[in-house]
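Shown next, in structure tokens, is the structure this report addresses.
The values are calculated or read from the model by the stated rules, or taken from the named source; none is laboratory data. Here the structure is a predicted model, which is why all the values come from computation and not from measurement. Virtual Cβ from ideal backbone geometry, glycine too; neighbours counted across all protein chains shown.
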């Protein structure tokens with residue numbers, strides 16, 4: 001049975017010219033953001049459901065290698081705009097490049113990572129092509145019975161509700177999606193796909209903004225790509241205690257995360273927040289310090305390979321999710337752990353221990369995932385664990 005066509009007023013809307021799922025490949029200086037490949041995985045699944053191809057969009061300068069990588073991660077074809085004007089990310093030329101491709105090739109769905117870069121370019125593209133944009137999705141599905149309607153769901157009201165955003169009257173349907181939510185697909189370097197190259201159509205003089213200098217942050221946090229995360233919660237008691245977490249993170253080559261309670265208290269900036277209303281992460285090792293284990297937080301880190309929890313409360317909910325539980329005073333445990341790691345590094349054993357921990361996390365990842373209570377994206381226990 002064919003679904004009734006959407007209408008604008010009394011006139012039916014014809015979207016028959018729109019076909020395919022596109023994924024915008026985000027990168028910095030030619031280094032891809034993992035969320036791009038994660039979205040290719042879920043994009044491929046949706047494309048298979050509606051019998052359409054999945055394609056990647058690569059915009060930049062000297063980025064042909066990203067087209068090959070996109071093919072290896074599942075793209076059937078790649079749309080490539082490679083121009084010196086695109087050497088540094090600027091909203092106008094990147095957005096116009098994507099919008100021009102959309103107008104010419106008419107994809108049905110376009111996905112972007114919910115990052116600073118992805119949100120910026122997606123919002124600009126939506127304005128240029130006059131379509132809607134679902135922001136910060138954590139679940140994606142497509143309904144072939146409703147004209148291939150994209151259903152993009154995201155947490156709202158502090159994680160208490162899940163909202164599903166639909167774009168019934170415009171194409172393409174677009175969404176930004178959180179990094180770390182969707183699994184990384186397998187890479188197959190033997191895959192082959194078409195690369196469609198298109199010109200930018202802009203000269204440097206056409207772009208009003210100029211990049212004079214790029215100064216990286218001295219204490220940059222990239223939770224989505226981190227292999228080790230040291231997170232702090234309300235149990236830290238204040239912002240000063242986060243310094244010991246930064247020291248531990250530096251010793252293990254990781255970054256610092258935080259619970260919603262710590263961020264809402266103003267102890268640490270929002271970009272460190274892990275959880276349903278923060279970032280969803282998949283590190284090899286997650287160290288939770290003074291975090292009680294609210295469901296909203298567990299949703300954001302339950303896919304970690306190994307979870308180590310440090311808490312003075314033996315009944316803390318976080319221990320149900322942890323692989324290793326340390327009950328005690330974190331203000332003594334964390335500095336002692338940091339000092340031990342630094343001594344090991346000074347003795348030349350630190351890297352070997354780190355490598356051993358990473359190997360252990362890889363070996364344990366499947367069994368650990370099966371053994372922990374799963375938490376659904378809406379904050380409720382997963383079906384298999386109910387009752």
Item to check | Lone unmet requirement of (1) within 25 Å of residue 278 (Cβ to Cβ); (2) crowded, with 18+ Cβ neighbours inside 10 Å; (3) without any contact (Cβ under 8 Å) to a residue 40 or more places away in the chain; (4) in contact with a helix residue (DSSP H, G or I) (Cβ under 9 Å, 6 or more places away or on another chain) for residue 175 | outcome: (3)
Next on the checklist: Residues to consider are 122, 152, 135; find the one that is within 24 Å of residue 37 (Cβ to Cβ), in contact with a strand residue (DSSP E or B) (Cβ under 6 Å, 6 or more places away or on another chain) and in a helix (DSSP H, G or I).
Outcome noted: 122
Checklist entry - If you check every pair at least six apart or on different chains, which have Cβ atoms under 9 Å apart with a residue in the range 154-165 that is in the same structural domain as residue 137 (by TED's automatic domain parsing) and exposed (fewer than 12 other Cβ atoms within 10 Å of the Cβ) first and a residue that is modelled with pLDDT of 75 or more and in a strand (DSSP E or B) second? => result 157/163; 161/155
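Here's the yes/no breakdown for (1) in a helix (DSSP H, G or I); (2) free of Cβ contacts under 8 Å to residues at least 24 places away in the same chain; (3) surrounded by 21 or more Cβ atoms within 10 Å (Cβ to Cβ):
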{"residue": "49", "(1), (2), (3)": "yes, no, no"}
{"residue": "71", "(1), (2), (3)": "yes, no, yes"}
{"residue": "89", "(1), (2), (3)": "no, no, no"}
{"residue": "96", "(1), (2), (3)": "yes, no, no"}
Checklist entry - From the residues in the range 231-255 that are under 15 Å from residue 270 (Cα atoms) and crowded, with 22+ Cβ neighbours inside 10 Å, which one is nearest to the chain's Cα centre (by Cα)? => result 255
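Yes or no, residue by residue, for (1) outside the structural domain of residue 305 (by TED's automatic domain parsing); (2) surrounded by 10 or more Cβ atoms within 10 Å (Cβ to Cβ); (3) in contact with a helix residue (DSSP H, G or I) (Cβ under 7 Å, 6 or more places away or on another chain):
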{"position": "187", "(1), (2), (3)": "yes, yes, yes"}
{"position": "191", "(1), (2), (3)": "yes, yes, yes"}
{"position": "194", "(1), (2), (3)": "yes, yes, no"}
{"position": "199", "(1), (2), (3)": "yes, yes, no"}
{"position": "229", "(1), (2), (3)": "no, yes, yes"}
Checklist entry - Is it the case that residue 139 is surrounded by 18 or more Cβ atoms within 10 Å (Cβ to Cβ) and out of contact with any helix residue (DSSP H, G or I) (no Cβ under 8 Å at 6 or more places or on another chain)? => result yes
Checklist outcome for this item: How many residues of the range 312-360 are modelled with pLDDT of 90 or more, assigned to a helix (DSSP H, G or I) and touching a strand residue (DSSP E or B) at 6+ places or on another chain (Cβ under 8 Å)? The answer is 5
Checklist entry - Which members of the range 103-119 meet the condition of being in contact with a strand residue (DSSP E or B) (Cβ under 8 Å, 6 or more places away or on another chain) and within 20 Å of residue 50 (Cα to Cα)? => result 105, 107, 108, 109, 110, 111, 112
